[in-house]
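This is the structure I want to talk about, given as structure tokens.
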Amino acid sequence: MGNYLRKKRLATAMIDVSDGTSVDLTHICDESGVDAILSSNKIPIGKNANLELALHGGEDYELLFTASQHAKIPSRIADVKITEIGEIRNRRDYSSAIQILGDNGKVRPLPQRGWEHFKKQR
């Protein structure tokens with residue numbers, strides 16, 4: 001899937017989410033100088049999991065990528081379903097680079113939790 005996105009020049013940034021979506025998306029945001037807003041009702045949640053695990057758990061080995069809002073992203077690549085989970089925005093002065101829109105319609109900062117290789121783990 002990564003090769004397809006690269007060859008077709010669809011992805012503007014890409015990372016695997018093996019360390020957790022909140023951590024890995026923060027890496028994209030920090031390196032690109034942007035913010036993200038996720039929609040809680042669009043986050044894929046696996047069987048026997050919950051939203052917290054979907055956002056902060058690791059070892060998923062999925063690709064998280066950003067694309068231009070005008071890009072024509074197929075619904076499946078290499079038989080893997082593609083799911084839009086939010087949008088990238090210009091950097092704002094939030095305490096967190098990532099915000100999440102809850103089912104209640106309220107936006108809140110999304111804390112960065114997951115595995116960070118060079119940070120002392122608690």
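In the chain, how many lysine pairs have Cα atoms under 22 Å apart, counting only pairs 8 or more places apart or on different chains?
9
Two decimals, Cα atoms only, Kirkwood Rh: what is Rg/Rh over region 2-109?
Reported Rg/Rh, Kirkwood definition of Rh: 0.94.
If we sort 2-11, 42-51 on the protection proxy, mean other Cβ atoms within 10 Å, highest first, what's the order?
2-11, 42-51
If I model a spin label at GLU52 and ARG89 as a point 7 Å from the Cα along the Cα→Cβ vector, what separation in nanometres do I get?
Placing both labels 7 Å beyond Cα along the Cβ direction yields 2.6 nm.
Pick from SER96, SER39, SER68 the residue whose mean-square fluctuation is largest in a GNM of the chain, springs joining Cα atoms under 10 Å.
It is SER68.
Run the simple label-point estimate for SER96 and THR12 please: 7 Å along Cα→C-beta, distance reported in nm.
Roughly 2.3 nm, to one decimal.
Any read-out appearing in this document is the output of simple, stated calculations on the displayed coordinates, not a laboratory observation. Predicted model only: the values in this text are computed from it and were never measured. Glycine also receives a Cβ, built like all others from the backbone with ideal geometry; neighbour counts cover every protein chain displayed.
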